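Asks: This structure is in structure tokens; I'll ask about it shortly.
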Amino acid sequence: LTPRRIAYVACDPAALARDLAYFREAGYVPRRMQAFDLFPMTHHVECVAILEKAGKGA
């Protein structure tokens, strides 16, 4: 399968950065990212990235 769009959820911003490199190699680029503080008073931050298949010129 080659989805046009992927919603990727990561519980660690460093892991998200690492995984975005893998997605880039597969032809996906981030179009939108948002961080959510779902666990107040802790260091945990959930990150959601919307990735889309790169088109020409992307």
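The values are calculated or read from the model by the stated rules, or taken from the named source; none is laboratory data. Quantities reported herein were computed from a predicted structural model and do not represent experimental measurements. So basically every Cβ, Gly included, is an ideal-geometry build from the backbone, and we count neighbours across all protein chains shown. Please note that ligands, DNA and RNA were not included when accessible areas were found on the heavy atoms of the full protein model with its side chains. Shrake-Rupley method; radii C 1.70, N 1.55, O 1.52, S 1.80 Å.
Asks: Tally Lys and Arg at +1 and Asp and Glu at -1 over the other residues with C-beta under 13 Å from the C-beta of ILE50: what net charge comes out?
Replies: +4
Asks: How big is the Cα convex hull of the chain in projection, averaged over all directions, in nm²?
Replies: Spelled out: convex hull of the Cα atoms, projected over all directions, averaged, 4.2 nm².
Asks: Please give the helix 13-25 orientation as an angle from the longest Cα principal axis of the chain, in degrees from 0 to 90, rounded to the nearest 10.
Replies: Once rounded, one gets 10 degrees.
Asks: So, in nm, how far is label PHE39 from label LYS53 when the simple model puts each one 7 Å beyond its Cα toward the Cβ?
Replies: According to this spin-label approximation, the distance is 3.6 nm.
Asks: Here's another thing I want to ask about it. Got a number for carbon plus sulfur as a percent of the chain's accessible area, 1.4 Å probe? Let's see the in-between values first.
Replies: Numbers: 2690 of 4530 Å².
Solvent-exposed carbon and sulfur of the chain make up 59 percent of the total.
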